[in-house]
Amino acid sequence: MTREEKSIAIEDLTAQLAGSNIVYVADISGLNAETTSNLRRACFKAGIKLEVVKNTMLSKAMEAAPADYGDLATILKGNSSILLSDTANAPAKIIKEFRKKSDKPLLKGAFINSEIYIGDNLLDSLASLKSKEEVIGEIIGLLQSPAQRVVSALLNQFKDEEVA
């Protein structure tokens, strides 16, 4: 790869990082071709972009990106892949699902809405994060519940008055 090609690749990677608030870094080395294809397919279905990257290029892209990736650059050793998503818990759920059949992919770290998570031990916590849609749904449910009780009580009150 020439210096110019590397520069273009870093710019592309920087643009991808700038366009996503959710970035997972994982090690998928050692997966056979079939398992890697299945992982890519599952990511595609879940709206996750999976890309194998060179650590030095990812490190330079993180430095150039507008967000502060903090200590995330320290985990860039060995093989690295990035998973870009719009849903905070989606990559963790995919990784967790694949870990039922093998010991890979390993979670190296994640950047989720300016928060840094480092280590495979956080996989369960990240998988249990609620998506924006789930949180909004819960809030709407909570808001509707008291209103429904008030309406129900009022209707019962009117029925009681009609009977009397």
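The values are calculated or read from the model by the stated rules, or taken from the named source; none is laboratory data. As the structure is a computational prediction, the values presented were derived from the model and not from experiment. Note that each Cβ is placed from the backbone with ideal geometry, even for glycine, and that neighbours are counted across all protein chains shown.
List every residue pair whose Cβ atoms sit under 6 Å apart, with the two residues 6 or more apart in sequence or on different chains, where the first one lies in the stretch 13-41 and is under 15 Å from residue 114 (Cα atoms) and the second, anywhere, is hydroxyl-bearing (Ser, Thr, Tyr).
Hits for this filter: 22/85; 25/80.
Can you pull out the residues in the stretch 1-59 that are among the charged types (D, E, K, R) and not in a helix (DSSP H, G or I)?
Looking only at the stretch 1-59, we keep the residues that are among the charged types (D, E, K, R), and these are 3-6, 11-12, 27, 34, 40-41, 45, 49, 51, 54.
Passing the criteria: 27, 49, 51, 54.
So that you can scan it fast, the table gives a plain yes or no per residue for (1) charged (D, E, K, R); (2) farther than 20 Å from residue 100 by Cβ; (3) more than 16 Å from the chain's Cα centre (by Cα):
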position: 6; (1), (2), (3): yes, yes, yes
position: 13; (1), (2), (3): no, yes, yes
position: 16; (1), (2), (3): no, yes, no
position: 42; (1), (2), (3): no, no, no
position: 46; (1), (2), (3): no, no, no
position: 50; (1), (2), (3): no, no, no
position: 68; (1), (2), (3): yes, yes, yes
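Quick check on residue 81: is it polar (S, T, N, Q), assigned by TED's automatic domain parsing to the domain that holds residue 40, surrounded by 11 or more Cβ atoms within 10 Å (Cβ to Cβ) and over 21 Å from residue 16 (Cα atoms)?
Taking the combined requirement at face value, the residue does not satisfy it.
In the set 67, 88, which member is touching a strand residue (DSSP E or B) at 6+ places or on another chain (Cβ under 6 Å), surrounded by 13 or more Cβ atoms within 10 Å (Cβ to Cβ) and assigned to a loop (DSSP other than H, G, I, E, B)?
Working: 67 fails: touching a strand residue (DSSP E or B) at 6+ places or on another chain (Cβ under 6 Å).
Sole residue among the options that is touching a strand residue (DSSP E or B) at 6+ places or on another chain (Cβ under 6 Å), surrounded by 13 or more Cβ atoms within 10 Å (Cβ to Cβ) and assigned to a loop (DSSP other than H, G, I, E, B): 88.
Taking the options 134, 138, 97, name whichever one is in a helix (DSSP H, G or I), over 12 Å from the mean Cα position of the chain (by Cα), assigned by TED's automatic domain parsing to the domain that holds residue 14 and surrounded by 10 or more Cβ atoms within 10 Å (Cβ to Cβ). First the steps, then the outcome.
Working: 134 fails: assigned by TED's automatic domain parsing to the domain that holds residue 14; 138 fails: assigned by TED's automatic domain parsing to the domain that holds residue 14.
Residue meeting the stated conditions: 97.
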